[in-house]
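The values are calculated or read from the model by the stated rules, or taken from the named source; none is laboratory data. Values in this document were obtained by computation on a predicted structure and should not be read as measured data. Note that we place each Cβ from the backbone using ideal geometry, even for glycine, and neighbour counts take in every protein chain shown. Areas reflect the complete protein model, heavy atoms only, side chains present, ligands, DNA and RNA absent. Shrake-Rupley method; radii C 1.70, N 1.55, O 1.52, S 1.80 Å.
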Amino acid sequence: MYNKFSLIFLFLTLSCNSNVEFIQYNSVNGIWHKDSIQNFNFELDSRPNLLYNSFINLRINEKYPFNNIFLIVSLSDSLNTLSIDTLEYKLADKYGNFTGNKQINIVENSLLHKENISLDKHKRYFVSIEHVMRIINKADGLENLNGIVDVGYKLEKVK
């Protein structure tokens, strides 16, 4: 009986997210090394001429020591680099409370990367995400970023 309710709940949850074209997570097990670039690739099967919003999804735990994060995000297809962005996202409010969806000891943030982008059908796309966090007054980047559990990438059709 429990399994039937679980399947119904899962079906309803997934059917509500029908605008999600691609979503994938890479686990970094609580420590994201500066040289561990997170890579994602996808191919679109939907109708042509659709617009998309892309998101970087981060799952963090209470060991994350900062209120923000700096990322370099690259989007390319098989022939061209479409964009390379250095982005800063706030992950906590002014009181130090993490923002995002909280589930016990994990907070999930869905951070807007690109808005209303046009991507071609049946073309392969590649995304790379790396953190570029630094400690104040230190020239070198932070080698191990604690508190990051998973790094994800999501692409949604614009409604």
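With the other protein chains left in place, how much accessible area per residue, in square angstrom, belongs to the chain at a 1.4 angstrom probe?
On the way: 9990 Å² over 159 residues.
That works out to 63 Å² for each residue.
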Item to check | Nitroxide proxy distance, nm - points 7 Å out along Cα→Cβ at H122 and S78 | outcome: 1.1
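Restrict the search to region 39-133; then list the GluC sites (Glu not before Pro) that DSSP places in a loop and that have at most 16 other Cβ atoms within 10 Å of their Cβ. Before the final figure, lay out each step's value.
Working: sites: E43, E62, E88, E108, E115, E130; in loops: E62.
Hits after loop and neighbour filter: E62.
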Item to check | Ellipsoid semi-axes in whole angstrom, largest first, where each is sqrt(5λ) of the Cα gyration tensor of the chain | outcome: 27, 23, 13
Next on the checklist: With a 1.4 Å probe and all protein chains kept in place, how much accessible area does L87 have, in Å² rounded to the nearest 10?
Outcome noted: 40
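Looking at region 25-122, which trypsin sites (Lys or Arg not before Pro) are DSSP coil and have at most 14 other C-beta atoms within 10 Å of their C-beta? Provide the component values of the computation, followed by the final result.
Working: sites: K34, R59, K63, K90, K94, K102, K114, K121; in loops: K34, K63, K94, K121.
The qualifying sites are K63, K94, K121.
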Checklist entry - What list of ³J(HN,Hα) couplings, whole Hz, do you get for region 111-124 from phi and the Karplus terms 6.51, -1.76, 1.60, once you set θ to phi - 60° and write x for glycine and proline? => result 9, 5, 9, 10, 10, 6, 8, 9, 10, 7, 5, 6, 10, 8
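Among the listed pairs K34/K157; K34/K102; K121/K157, which are separated by more than 20 Å between their Cα atoms? Mind dumping the intermediate values first?
Working: K34/K157 31 Å; K34/K102 26 Å; K121/K157 13 Å.
Cα-Cα > 20 Å for K34/K157; K34/K102; rest within.
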Next on the checklist: Could you tell me the calculated FRET efficiency between I104 and S36, based on Cβ-Cβ distance and R0 = 30 angstrom, to the nearest 0.05?
Outcome noted: 0.75
